Amino acid sequence: MGLQPPDFPRLAPELETTLFRVIQEALTNVFRHSRASKAYVTLEKRESEIAATICDDGVGVPDEIAEFRPDSVGVGLGGMRQRIKELGGELLLRNTHPGTIVEVVIPIPLHAIEPASTADEMFSTKTQNKGD
Ligand SMILES: Nc1ncnc2c1ncn2[C@@H]1O[C@H](COP(=O)(O)OP(=O)(O)O)[C@@H](O)[C@H]1O
Ligand SMILES: [Mg+2]
């Protein structure tokens, strides 16, 4: 497991839950389908998004699944992809010969990273009131 930054912050609950579920689903898939001997998870907080990868050294995914062709994916990855789209993010599946990598990027909701703008608004309101 690779965490960046190492003292990883708490996130909005729906973001944490979605990340937990997608990593859980991807690791269950590694266990069920990949015949891998190794799996590795990374979680990275960037300026305005969270990126996660789950990779394994197993048999890889067929092209029709990596391309999410209709009727090829199950409810596991299909459902996760839909949920992530609703949050404005993206789920990608790649065959890495050997193995599979699942990549997830989800934007961090704006209100969660810009408390300063709220403080500015409060201050300007106070200044206006002073003149009354
Ligand atoms: N890590 C993986 N390695 C190999 N195949 C995978 C992996 N993850 C997913 N798959 C393939 O993608 C399919 C769809 O996965 P998913 O949507 O989670 O459905 P389910 O796990 O219920 O079959 C799996 O049935 C499997 O064929
Ligand atoms: Mg599954």
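Where a number appears in this text, it was derived from the coordinates with a stated rule and is not lab data. The structure presented is a predicted model; accordingly, all values stated were derived computationally and were not measured. Note that we place each Cβ from the backbone using ideal geometry, even for glycine, and neighbour counts take in every protein chain shown.
Miscellaneous remarks
- The stretch 38-96: GluC sites (Glu not before Pro) in DSSP coil with no more than 10 other Cβ atoms inside 10 Å: 47
- Estimated dipole of the stretch 2-127 in Debye, rounded to 20 [Cβ of Lys and Arg +1, of Asp and Glu -1, Cα centre]: 340 debye
- Listing 28, 18 from fewest to most neighbouring C-beta atoms within 10 Å gives 28, 18.
- Efficiency of FRET from Cβ geometry, residue 4 and residue 24, R₀ 25 Å, rounded to 0.05: 0.80
- Site pair residue 69 and residue 97 shows an inter-label distance of 1.8 nm when each label is modelled 7 Å from Cα along Cα→Cβ.
- Once the Cα-Cα distance is subtracted from the 0.36 nm per residue extended length, the residue 31 to residue 85 segment shows a gain of 16.9 nm.
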